[in-house]
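What follows is one structure encoded as structure tokens, with my remarks underneath.
The values are calculated or read from the model by the stated rules, or taken from the named source; none is laboratory data. Model, not experiment: these values are computed from the prediction. Note that each Cβ is placed from the backbone with ideal geometry, even for glycine, and that neighbours are counted across all protein chains shown.
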Amino acid sequence: MSTIRYDRIPASVPGRSPGLPIRAIAVAFAVSFALESTAAAQLPGRIDAVGAVGFTVTDVEKSVAFFTKALDFRRISDVELSGTEVDHLTGLFPVRMHVTTLELGSERIELTQFLAPWGRPVPVDMRSNDRSFQHIAIVVSDMDAAYRRLREYGVRHVSPEPQRLPDWNPDAGGIEAFYFNDPDGHVLEVIHFPAGKGDPRWEQPGRRLFLGIDHTAIVVRNTATSLRFYRDALGLRVVAQSENWGPEQERLNATFGAHLRITGLRADDGPGIEFLEYLSPGDGRPMPPDERASDIFHWQTTLVTAAPQTTQARLRDGAYRFVSAGLVEFASAGPGFARAFRVRDPDGHVMQIVGASPPSRSNTGVNH
């Protein structure tokens, strides 16, 4: 998926309804985004980084083999976690889970296998416009070579083949993307940015085939509602917004009639978070109300802040749904953080908010 930079939006777009000139809309958005970015930078307890994107797997060793061999990720840590703190963090009981962290470039994913309790598999009829949908976009230096590699590993296609986004969109034209499944059915994307498009770091010399993670994308019901959570409550910056449609988009998402409003957000560090709001078709199903961390279709995105207690209080004031029983403090460094909690966004996607620095050890356990 891709977004449009406002300084490069065309005066008109084929197939767009008449009305306010798109360049005028772009200027208005640009001014609005500048003001929002300033407010986000001043927000107490704002999110400083997107630390990792995680999902649940059936067999961590099988998944590690796929990600390291087919996609060139590097294994950097393994830990088994259990106990009261883990139960409170995940909202499950009793928990024992194996968490493996993999790295590609500067970005990380976390693969979690629940030894107890077990969860449900990815539904075979899950669609790209369902609000349980989430994926990561892996940047490649050569789409043809990446597609050949994926074919060698027998991946299951979501897109019929890589799609080249159309030239009528001057910022996205020439970007190539392809959706496919990992061994458990999670949707992944490989994306190639031509010269001059995308983050400049994707154009560094001596590039490998698989470079890093540009963003994680989530389906949302309403962009404005989601912005109140991610921008206003968490302090992420809106960096781009566009509408994408047409046959290339339909084939990429495997969704006939796909017309998306796409909004990109970022923290100071880490991959972006991208909203996919389907203007059509409008029949995407909501997140299952009983979705749990042990379900194989579960994802969580780890967000890092220097003041998790402040962030937690603001989210409670906003009446958002918490997964965790309060702010959980860990007596050991096993999970890689000292304090954390999990909360759901307006559509049910789980954000794991972690503290950037250890608290004092005057108390441990669960803070309510």
*Neighbours by Cβ (under 9 Å, 6+ apart or cross-chain): first from the stretch 245-268, on the phi > 0 side of the Ramachandran plot; second part of a strand (DSSP E or B) and surrounded by 21 or more Cβ atoms within 10 Å (Cβ to Cβ)*: 254/179
_residue 290 surrounded by fewer than 17 Cβ atoms within 10 Å (Cβ to Cβ), over 18 Å from residue 85 (Cβ atoms), in the same structural domain as residue 181 (by TED's automatic domain parsing) and not aliphatic (A, V, I, L, M)_ = no
_Every residue in the stretch 301-321 that is closer than 21 Å to residue 336 by Cα and either outside any helix (DSSP H, G or I) or among the hydroxyl-bearing types (Ser, Thr, Tyr) (or both), please._
301, 302, 303, 304, 305, 306, 307, 310, 311
*In the stretch 187-217, what count of residues is obtained for those that are surrounded by fewer than 21 Cβ atoms within 10 Å (Cβ to Cβ) and part of a loop (DSSP other than H, G, I, E, B)?*
12
*Within the stretch 218-258, track down each residue that is touching a Gly at 6+ places or on another chain (Cβ under 9 Å), part of a helix (DSSP H, G or I) and at pLDDT below 95.*
none
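If you check residue 232 against the conditions, is it surrounded by fewer than 22 Cβ atoms within 10 Å (Cβ to Cβ), of a type in the set (D, E, K, R) and more than 23 Å from residue 108 (Cβ to Cβ)? Can you show your working first?
Working: surrounded by fewer than 22 Cβ atoms within 10 Å (Cβ to Cβ): yes; of a type in the set (D, E, K, R): yes; more than 23 Å from residue 108 (Cβ to Cβ): yes.
It is true that residue 232 is surrounded by fewer than 22 Cβ atoms within 10 Å (Cβ to Cβ), of a type in the set (D, E, K, R) and more than 23 Å from residue 108 (Cβ to Cβ).
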_Where the second residue is of a type outside the set (Lys, Arg) and the first is free of Cβ contacts under 8 Å to residues at least 40 places away in the same chain and lies in the stretch 317-330, which pairs have Cβ atoms under 6 Å and are six or more apart or on separate chains?_
322/343
*Return yes or no: is residue 267 modelled with pLDDT of 95 or more and surrounded by 16 or more Cβ atoms within 10 Å (Cβ to Cβ)?*
yes
_Looking only at the stretch 244-259, and only at residues there that are among the hydrophobic types (A, V, I, L, M, F, W, C) and touching a helix residue (DSSP H, G or I) at 6+ places or on another chain (Cβ under 7 Å), the one that is surrounded by the fewest Cβ atoms within 10 Å (Cβ to Cβ)_ = 256
*Within the stretch 84-103, which residues are touching a Phe, Trp or Tyr at 6+ places or on another chain (Cβ under 9 Å) and either among the charged types (D, E, K, R) or in a loop (DSSP other than H, G, I, E, B) (or both)?*
85, 87, 91, 92, 95, 96, 103
*In the set 92, 150, 104, 115, which member is within 30 Å of residue 286 (Cβ to Cβ) and touching a residue at least 40 places away in the same chain (Cβ under 8 Å)?*
92
*Selection status of residue 295, in contact with a Ser or Thr (Cβ under 8 Å, 6 or more places away or on another chain), of a type in the set (Asp, Glu), in a loop (DSSP other than H, G, I, E, B) and in contact (Cβ under 8 Å) with a residue 24 or more places away in the chain*: yes
*Give the residues of the stretch 143-181 that are assigned to a loop (DSSP other than H, G, I, E, B), under 22 Å from residue 65 (Cα atoms) and out of contact with any strand residue (DSSP E or B) (no Cβ under 6 Å at 6 or more places or on another chain), sorted by residue number.*
153, 154
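If a residue has to be among the polar types (S, T, N, Q), over 21 Å from residue 217 (Cα atoms) and modelled with pLDDT of 95 or more to count, how many in the stretch 31-76 make the cut?
Kept after step one, since they are among the polar types (S, T, N, Q), are these residues of the stretch 31-76: 32, 37-38, 42, 56, 58, 63, 68.
If we keep only those that are over 21 Å from residue 217 (Cα atoms) as well, we get 32, 38, 42, 58, 68.
Narrowing further to those that are modelled with pLDDT of 95 or more: 58, 68.
Adding up the residues that qualify gives 2.
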